[in-house]
Amino acid sequence: MKLDDLVPPRSSPYNFAFLDEGAKREIRRALLKAVAIPGHQVPFASPELPIARGWGTGGLQVTMSLIGPQDVLKIIDQGCDGSVNAVNLRKLLVATTGVRTTYDSREATLLQSRHRLPEIPMQEGQIAVLQVPLPEPLRLVEPSEVETRRMHADGDYARMWVSLYEDVVQNGAISLASGYPCRVNDSYIMSPSPIPRWDIRRLNQSRQLTLLGAGREKRVYAVPPYTSVQPLEFEDMPFTVEDFSGMSCVRCGSTDTFLDEIYDEATGTSFRACSDTGYCDLVRSGQVASPAERDSGRVPAEAAGE
Amino acid sequence: MSSDVLLQARGIGKRYGAGCEACAELTGPQAGVNRCPRCGTVHALCDVSFDLHEGEILGIVGESGSGKSTLVQCLYFDVDASEGELRLRGEADGENLFDLPRSRKRRVRGRLMGMVYQNPLRGLRMDITSGANVAEKLLEADVFNFRRIRDRAAELLASTEIPAGYLDAFPRSLSGGMQQRIQIAKALANNPPLVLLDEVTSGLDVSVQARVLDLIRELQRERGMSMIVVSHDMGVIRLLADRTLVLKNGRVVERGLTDQILEDPQHPYSQLLVHSTL
């Protein structure tokens, strides 16, 4: 049986998933190494791409090198399936692969994202692909690449800690909102891509394979399933996440999700809505229990069956 | 290793180049050069051995290019020694520290050694606050409690006579003497048993020199750590060191009690050194 018989019909004359098979193999080799050494940045030879680097090309190449005809794809940007970047990446992948896409994170076998992990915890067998703008967490404290590599090799992270110390001195707390440095598998420090603090504790011991790709720097790294991801924190200043207490989503009423602030120019007021729009839609359509239902113990049939 | 020996150095050498058979004869104090005229190898340091005892201050004196700084930099692992052995009591089961992997050397250095460089630009980072410079040393030794780091930094800066308001000041905005004090505070952060001082007062004016030297003496007396003091200035050595090694062209040409060397130098070079200062 030939590959062409297996792949769904697609609208583009390019190879399946755009990249040639040699380029995919190169990226997969780098990914295997990355999975074997959690948190370690592995360089790869990157082919020419149809979109500009810095627009999610790191994640895109990982997705392109992994995707198969049977995959179900979800792509989000800022938690949303409908934002421009997500739509463009999805169109490109659909045109070159013909695979089925979904907004429901539970259905997806491959999920590419930049700023969020879905609210519903991912499961074994699912792969999260994160787009990373700055893969090197030490870059802020050390401009030299040779030196940052030595620092990783030696576990020499005192300067990373010093930057956190300075942050606390100046701001009273660690003020990093995203890209919060984490120690993976008690070894390397990694930049978890621009996901908010909210999602960092959800990376810890997570069930899915998480792959992180940086297109400009041409690096990949990985958090395999059931691997510890610990944010750096001082003993007397525990890591905290965004506080949404007293707020709820205007669309679905959720109080336990990561909420975006949305400003209404017409009225000059702002309101909160789930950043994960796919999840929000599931709650609204009753496919996932709403907060009220969860409190009362009533659960929709489908969610209860899982 | 006898019980009160903290640091044992044996046959330490640092060579730039491959070396040849003629090197031993053509370099060193008797030849007056440390660059071999036949093969061009530079012997910055050759066969230096000594013991440093508990609570002792060892002086290392010599002219520019004699290998003083190379020696302390080898001891602090800033420079990789070409040969020799270094043992620190109770550390690495008496293994040669030079054989340890880099990450372990860094840990030994972080917890057990402090270093004060001649030029504060080397020992301090100017783009972070004084407190953060001290904190770096504590964080290297895995102290991850913010309050403790902060209190310890403040305490150290106070003990090196830096006004409390400078904790969050940037070292680049401070005077040379103040920067040296911050370096000293940083070096002492983990109460290391061994502190290395490389020409600490050379860049300072005379009145500040005296105060910094007083401070070092006082801190040493209080805390009882061992020190290696490198200087080309016999005055500094006289004031601080119990015992002294005289280096010339990378070799030890004389060793003994500091007073003895100052009063009755044996080697012609030591005599020259003593007489040119007095």
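Considering only DSSP beta bridges with both partners in chain A, what is the antiparallel share in %, to the nearest 5? Provide the component values of the computation, followed by the final result.
Values: 23 of 37 bridges.
Among the beta bridges of chain A, antiparallel pairing accounts for roughly 60 percent.
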Original post:
What percent do you get for the relative contact order of the stretch B:1-142 when only Cα pairs under 8 Å and 6+ apart count?
Top reply: 24 percent
**OP:** Compare the Cα positions of B:LEU273, B:ILE162, B:HIS232 along the charge dipole of chain B (+1 at Cβ of Lys, Arg; -1 at Cβ of Asp, Glu; about the Cα centre) and return the one farthest towards the positive end.
**Re:** B:ILE162
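Would you work out the Kirkwood radius for the stretch B:14-59? I mean one over the mean of 1/r across all pairs of different Cα atoms, in Å.
Details: mean 1/r = 0.0841 Å⁻¹.
Computed over Cα pairs of the stretch B:14-59, the Kirkwood hydrodynamic radius comes out at 11.9 Å.
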Original post:
Taking the alpha-carbon set of the stretch B:124-278, what are its Rg and Dmax in Å?
Top reply: 17.5, 55
Original post:
Could you list log10 I(q)/I(0) for the stretch B:108-154 at q = 0.14, 0.22, 0.28, 0.29 Å⁻¹, which the Debye formula gives when each Cα is one point scatterer?
Top reply: -0.34, -0.82, -1.13, -1.15
Subject >> Three-way shape label, the stretch A:1-125, alpha-carbon gyration tensor, a/c 1.5 >> reply: rounded
Original post:
Under a GNM of chain B (C-alpha, springs under 10 Å), which listed residue has the highest mean-square fluctuation: B:ARG243, B:ARG147, B:ARG107?
Top reply: B:ARG147
Original post:
In sequence order, what are the phi-derived ³J(HN,Hα) couplings for the stretch A:95-103 according to the Karplus relation 6.51 cos²θ - 1.76 cosθ + 1.60 with θ = phi - 60°, rounded to whole Hz, with x for glycine and proline?
Top reply: 4, 9, 10, x, 6, 6, 10, 8, 9
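Please state the shape class of chain A: rounded when a/c is under 1.5, otherwise prolate if a/b exceeds b/c and oblate if not, all from the C-alpha gyration tensor. Working shown, then result.
On the way: a/c = 1.70, a/b = 1.01, b/c = 1.68.
Oblate shape, in that a/c is at least 1.5 and b/c is the bigger or equal ratio.
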Original post:
What residue among B:SER3, B:GLY59, B:VAL79 has its Cα farthest toward the positive end of the dipole of the stretch B:1-108, where the charges are +1 on Lys, Arg and -1 on Asp, Glu, each on the Cβ?
Top reply: B:VAL79
Original post:
Amide H to amide H under 5 Å from B:LEU6: which residues, 5+ apart in sequence or cross-chain, H placed 1.01 Å off N in plane?
Top reply: B:LEU52, B:HIS53, B:GLU54
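Counting pairs of alpha carbon atoms under 8 Å apart in space and at least six apart in sequence, what relative contact order in percent does the stretch A:57-165 give?
Relative CO of the stretch A:57-165 lands at 26 percent.
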Subject >> Angle between chain B longest axis and helix B:130-140 axis [Cα atoms, degrees, rounded to 10] >> reply: 70 degrees
Subject >> Distance in nm between pseudo-label sites at B:ASP80 and A:ARG25 (7 Å out along the Cβ direction from Cα) >> reply: 3.6 nm
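Between B:GLU54 and B:LEU272, what's the calculated FRET efficiency when r is the beta-carbon distance and R0 is 41 Å? Round to 0.05.
Numbers: r = 33 Å, r/R0 = 0.80.
About 0.80, to the nearest 0.05.
Which value in deg cm²/dmol, rounded to the nearest 500, describes the helix-derived mean residue ellipticity at 222 nm for chain A, given -39,500 (n - 2.57) per DSSP H run of n ≥ 4 and division by the residue count?
On the way: 10 runs with 94 residues, N = 306.
Here the helix-only value at 222 nm equals -9000 deg cm²/dmol.
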Original post:
Just for the protein assembly as shown, what percent of DSSP beta bridges are antiparallel, to the closest 5?
Top reply: 60 percent
**OP:** Report the label-to-label distance for B:CYS39 and A:ARG201 in nanometres (one decimal), using points 7 Å from each Cα along the Cα→Cβ vector.
**Re:** 6.3 nm
Subject >> Descending principal axes extents, the protein assembly as shown, alpha-carbon based, whole Å >> reply: 97, 56, 44
Original post:
Once phi is turned into θ = phi - 60°, what whole-Hz ³J(HN,Hα) does the Karplus curve with 6.51, -1.76 and 1.60 give for every residue of the stretch A:233-240, x standing for Gly and Pro?
Top reply: 8, 6, 4, 9, 9, x, 4, 10
Original post:
Build a GNM of chain B with springs between Cα atoms under 10 Å: which of B:ASP80, B:ASP93, B:ASP242 gets the top mean-square fluctuation?
Top reply: B:ASP93
Original post:
Considering chain A as a Gaussian network with a 10 Å cut-off on Cα pairs, which listed residue, A:GLN112, A:GLN230, A:GLN61, attains the greatest mean-square fluctuation?
Top reply: A:GLN230
Subject >> Amide H contacts under 5 Å for B:GLY256, placed H, 5+ residues apart >> reply: B:THR244
Original post:
Given a cut-off of under 8 Å on Cα pairs at least six residues apart, what relative contact order in percent is computed for chain B?
Top reply: 25 percent
Original post:
Nearest-5 percent of antiparallel DSSP beta bridges in chain B?
Top reply: 55 percent
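Can you give the mean number of other chain Cβ atoms that lie within 10 Å of the Cβ atoms in peptide B:137-148? Walk me through the numbers before you get to the answer.
Values: counts 2, 4, 9, 6, 1, 2, 3, 8, 4, 10, 4, 3.
Average per residue, whole number: 5.
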Subject >> Once the Cα gyration tensor of the stretch A:27-89 is diagonalised, semi-axes √(5λ) in Å >> reply: 22, 14, 13
Original post:
Given labels modelled 7 Å from the Cα in the Cβ direction, how far is it in nm from B:ARG122 to B:ASP93?
Top reply: 3.5 nm
Subject >> Computed magnitude of the charge dipole of chain B (debye, nearest 20; Cβ of K, R +1, Cβ of D, E -1) >> reply: 800 debye
Original post:
Got a sec to turn the phi values of the stretch B:72-87 into Karplus ³J(HN,Hα) couplings, 6.51 cos²θ - 1.76 cosθ + 1.60 with θ = phi - 60°, whole Hz, x for Gly and Pro?
Top reply: 5, 5, 5, 5, 8, 6, 5, 10, 7, 5, 6, 8, x, 10, 9, 10
Original post:
Under a 5 Å amide H to amide H cut-off, with H placed in plane at 1.01 Å, what residues pair with B:LYS248 once short-range neighbours are removed?
Top reply: B:VAL253
Original post:
Where the Cα atoms of chain B are projected onto their three principal axes, how long is each span, largest first, in whole Å?
Top reply: 58, 44, 37
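Mind checking the stretch A:86-194 for GluC sites (Glu not before Pro) that DSSP puts in a loop (not H, G, I, E or B) and that have at most 16 other Cβ atoms within 10 Å?
Numbers: sites: A:GLU107, A:GLU119, A:GLU124, A:GLU145, A:GLU147, A:GLU166; in loops: A:GLU107, A:GLU119, A:GLU124.
The qualifying sites are A:GLU107, A:GLU124.
What FRET efficiency would be calculated for the residue pair A:GLU147, A:ALA45, taking the C-beta separation as r and a Förster radius of 22 Å, to the nearest 0.05? Mind dumping the intermediate values first?
Details: r = 24 Å, r/R0 = 1.08.
The value I calculate is 0.40.
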**OP:** Rank by packing, highest mean first: peptides A:266-275, A:75-84, with packing defined as the count of other Cβ atoms within 10 Å averaged across residues.
**Re:** A:75-84, A:266-275
**OP:** Could you tell me the distance between the Cα centroids of the stretch B:90-112 and the stretch B:2-77, to the nearest Å?
**Re:** 20 Å
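What does the average come to when, for each residue of peptide A:161-171, you count the partner chain Cβ atoms lying within 10 Å of its Cβ? Show your work: numbers first, answer last.
Working: counts 10, 14, 2, 5, 13, 7, 0, 3, 10, 2, 0.
Averaged over the peptide's residues, the number is 6.
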**OP:** Holding the Cα-Cα limit at 26 Å, pick out from B:LYS14/B:LYS105; A:LYS2/A:LYS24; B:LYS137/B:LYS248; A:LYS2/A:LYS33 the pairs that are longer than that.
**Re:** B:LYS137/B:LYS248; A:LYS2/A:LYS33
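Where a number appears in this text, it was derived from the coordinates with a stated rule and is not lab data. From a predicted model like this one, the values you see are computed outputs, not experimental measurements. Neighbour counts run over all protein chains shown; Cβ positions are idealised from the backbone, glycine included.
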